[in-house]
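Notes for the one structure printed next.
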Amino acid sequence: MVSDGTVFAGYTIDRLLGRGGMGSVYLARHPRLPRWTALKVLNQELFSDSEIRARFEREADLVAQLDHPNIVTVFDRGLEGDQLWISMQYVDGVDASMLNPQTLPPDRAVQIIGETAAALDYAHRAGVLHRDVKPANILLARSDSQERVYLTDFGIARLRDDSGHLTETGSFTATLAYAAPEQLTGAPLDHRADQYSLACTLYSLLTGAAPYEAPSPAAVITGHLQSPPPPISPRRGGLSPALDAVMNRALAKRPADRFDTCGEFVEATQRAMRTSTGARPIVRPTSGAHVIATPPVQPVRPSTPQHPTPFRPPVVPQRAPQPQQRVQPSQPAWVAPQRTGQPIPVQQFAPPPRPVVPQRRTNWGAAIALYVGLLLAVGLLAALIAMLAS
């Protein structure tokens, strides 16, 4: 370790910021510029390992090619004695692993993942795979107005088309809890391996544990390779069940079943969060007002029976039509004005036709038969009287 206050490679060491498996990171003052720098120094005992030494140098070379607001900038690298060092942008803040999932709002967790996804998609377009995405490698800068997210530690990153990568067959360098299945089996990698690790990171930020967290490494590996993704909505109250389907796709065993980019994964997550139907805790207003819970509306039962009697209109007795009598108005009646704008008296028009009154028909056949019958009766009566008289 480098002592505080000493000068190393021209940089004045202020204090130790953190230690990792490959080296230590110090806060140092730039030798010529008035700014603070994060100085990453390779552990001295690892200098003799040619693979680790080459990986350390390649981190600076790869990140130096990336220029993105969400990626920590690399300024310089060099050799001091038998120790390699990298000078990087200093981010005054904490890493995402220090956040408390119990108090971290889900929207803020998605915002952190969203900015990290933008950095990863940019690196992927440049042909760089990070291969170690996890909460500890996401830095959150303190700001008075807005939080700034940085992706850091490209220590095991490599070019996507690099067939002669440094990691030997059978060795593993990524963080086990966030590693994609293809990393564990040594299969060819592409940008969707980082997407898998990003989904594990979101799972950890929302629940406080990685998806396949287990006591033994063998159980963790078995989870990544064989177990279905555990639903995230039961692990945290208020999360929509729609988020489970999004996480299932991002954590698919086959890379071809995942999202095409990290940005698409974040967009699907945001849509699932907006359509949340889960029961979220009620936020009481600070102004003193109270939230009144509205009971659910109960359906109103109809007052009529289920099988009502069919409606029959009332029978209106028919009245014989009466002849219409024309009533002479005391004043001239008026109709609507025509285009000329002048009213026209009703008397100028012909009166309406009288209603036709049906006439009774006379049954002439019956009358003639009655008349003939009377004549026959009279004739018979006359003949009878004549016979009696003779």
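Specify which of the listed residues (Ser233, Ser240, Ser216) is surrounded by fewer than 16 Cβ atoms within 10 Å (Cβ to Cβ) and either modelled with pLDDT under 95 or of a type in the set (Lys, Arg) (or both).
That would be Ser216, the only listed residue that is surrounded by fewer than 16 Cβ atoms within 10 Å (Cβ to Cβ) and either modelled with pLDDT under 95 or of a type in the set (Lys, Arg) (or both).
Those residues that are in contact with a helix residue (DSSP H, G or I) (Cβ under 7 Å, 6 or more places away or on another chain), crowded, with 16+ Cβ neighbours inside 10 Å and not aliphatic (A, V, I, L, M), I need them from the range 63-90; list them, please.
His68, Asn70, Arg77, Gln83, listed by residue number.
If only one of Leu176, Leu159, Leu139, Leu151 is within 23 Å of Gly23 (Cα to Cα) and modelled with pLDDT under 90, which one is it?
The unique qualifying residue is Leu159.
Go through the range 55-73 residue by residue and tally those that are at pLDDT below 90 and under 37 Å from the mean Cα position of the chain (by Cα).
Looking only at that region, the number is 5.
Take the residues in the range 1-51 that are among the hydroxyl-bearing types (Ser, Thr, Tyr) and in a strand (DSSP E or B); name whichever of them is modelled with the lowest pLDDT.
Going through the qualifying residues, I end up with Ser24.
Among the residues that make up the range 31-49, is at least one of them touching a Leu at 6+ places or on another chain (Cβ under 6 Å) and in contact (Cβ under 8 Å) with a residue 60 or more places away in the chain?
Scanning the range 31-49, I find no residue that is touching a Leu at 6+ places or on another chain (Cβ under 6 Å) and in contact (Cβ under 8 Å) with a residue 60 or more places away in the chain, so the answer is no.
Does Tyr26 satisfy being assigned by TED's automatic domain parsing to the domain that holds Ser197 and of a type in the set (Phe, Trp, Tyr)?
For Tyr26, the condition - assigned by TED's automatic domain parsing to the domain that holds Ser197 and of a type in the set (Phe, Trp, Tyr) - is not met.
Among Gln146, Gln111, Gln102, which is over 21 Å from Ile232 (Cβ atoms), assigned by TED's automatic domain parsing to the domain that holds Leu189 and not small (Gly, Ala, Ser)?
Selected residue: Gln146, the only one of Gln146, Gln111, Gln102 that is over 21 Å from Ile232 (Cβ atoms), assigned by TED's automatic domain parsing to the domain that holds Leu189 and not small (Gly, Ala, Ser).
Out of Val133, Val110, I need the residue that is in contact with a helix residue (DSSP H, G or I) (Cβ under 6 Å, 6 or more places away or on another chain) and part of a loop (DSSP other than H, G, I, E, B). Which one?
Sole residue among the options that is in contact with a helix residue (DSSP H, G or I) (Cβ under 6 Å, 6 or more places away or on another chain) and part of a loop (DSSP other than H, G, I, E, B): Val133.
The values are calculated or read from the model by the stated rules, or taken from the named source; none is laboratory data. Just so we're clear, the structure is a prediction, and the values are computed from it rather than from any experiment. Virtual Cβ from ideal backbone geometry, glycine too; neighbours counted across all protein chains shown.
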